[in-house]
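One structure is given here, and the rest of the page talks about it.
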Amino acid sequence: GSLEAYIDEMLEQLSAAEENGKIVAFLSYCTDFKCDGLGDYCPCDYASTLITAPAHRGQGIANKLYEALESRPERSKFIGSRTWSTNQAQMHIFPKRGWKIISVGKMAGGQG
C-alpha cells in the first residue's frame, strides 16, 4: 500500500508515554507477526520499536509500555521482539518481564 496507509496502521499500533503534553517514549508493535526465528511462538504480537528520550530513561517508562502491550485484551498468546545483544537496556528488561530469550546472534558487522 501507500506510505499514508502504513503510517495510519502504525499509529493504530502505538503506545506512547507523555509528560507535559510531549511524547517522551513510544512503543510500536504489529499483530499476527510471523518469522522463522520465532518458530512455535508465532503468530505473535511483535514489539518492533521502543524509544525513550534520554532524559527519561531509567524511570520505568519502557516497562510500563511493555505492560500496556501485554495487557491488551485482544493480544496474541505470545509477544516477540528483537534487539542487538549489545543493547543492554533491552536485554535486561526482557527477562525482568518474564520474556524468554530464544537466541542471541551476531550482527552482520560482527558485534552484537
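The values are calculated or read from the model by the stated rules, or taken from the named source; none is laboratory data. For clarity, every value in this text was computed on a predicted model and none was experimentally measured. When we count neighbours, we look across all protein chains shown, and the Cβ atoms used for this are built from the backbone with ideal geometry, even at glycine. Keep in mind that these areas ignore ligands, DNA and RNA; they rest on the heavy atoms of the full protein, side chains included. Shrake-Rupley method; radii C 1.70, N 1.55, O 1.52, S 1.80 Å.
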Sole exception among (1) buried (at least 18 other Cβ atoms within 10 Å of the Cβ); (2) over 27 Å from Ser103 (Cβ atoms) for Glu4, by number
(1)
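Results for (1) of a type in the set (Asp, Glu); (2) out of contact with any Cys (no Cβ under 9 Å at 6 or more places or on another chain); (3) open to solvent by 80 Å² or more (accessible area, probe 1.4 Å), shown as yes or no for each residue.
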{"position": "Glu12", "(1), (2), (3)": "yes, yes, yes"}
{"position": "Ser15", "(1), (2), (3)": "no, yes, no"}
{"position": "Glu19", "(1), (2), (3)": "yes, yes, yes"}
{"position": "Ile23", "(1), (2), (3)": "no, yes, yes"}
{"position": "Cys35", "(1), (2), (3)": "no, no, no"}
{"position": "Asp45", "(1), (2), (3)": "yes, no, no"}
For the range 83-91, does any single residue satisfy the condition of being out of contact with any strand residue (DSSP E or B) (no Cβ under 6 Å at 6 or more places or on another chain), loosely packed, with under 10 Cβ neighbours inside 10 Å, small (Gly, Ala, Ser) and at pLDDT below 85?
no
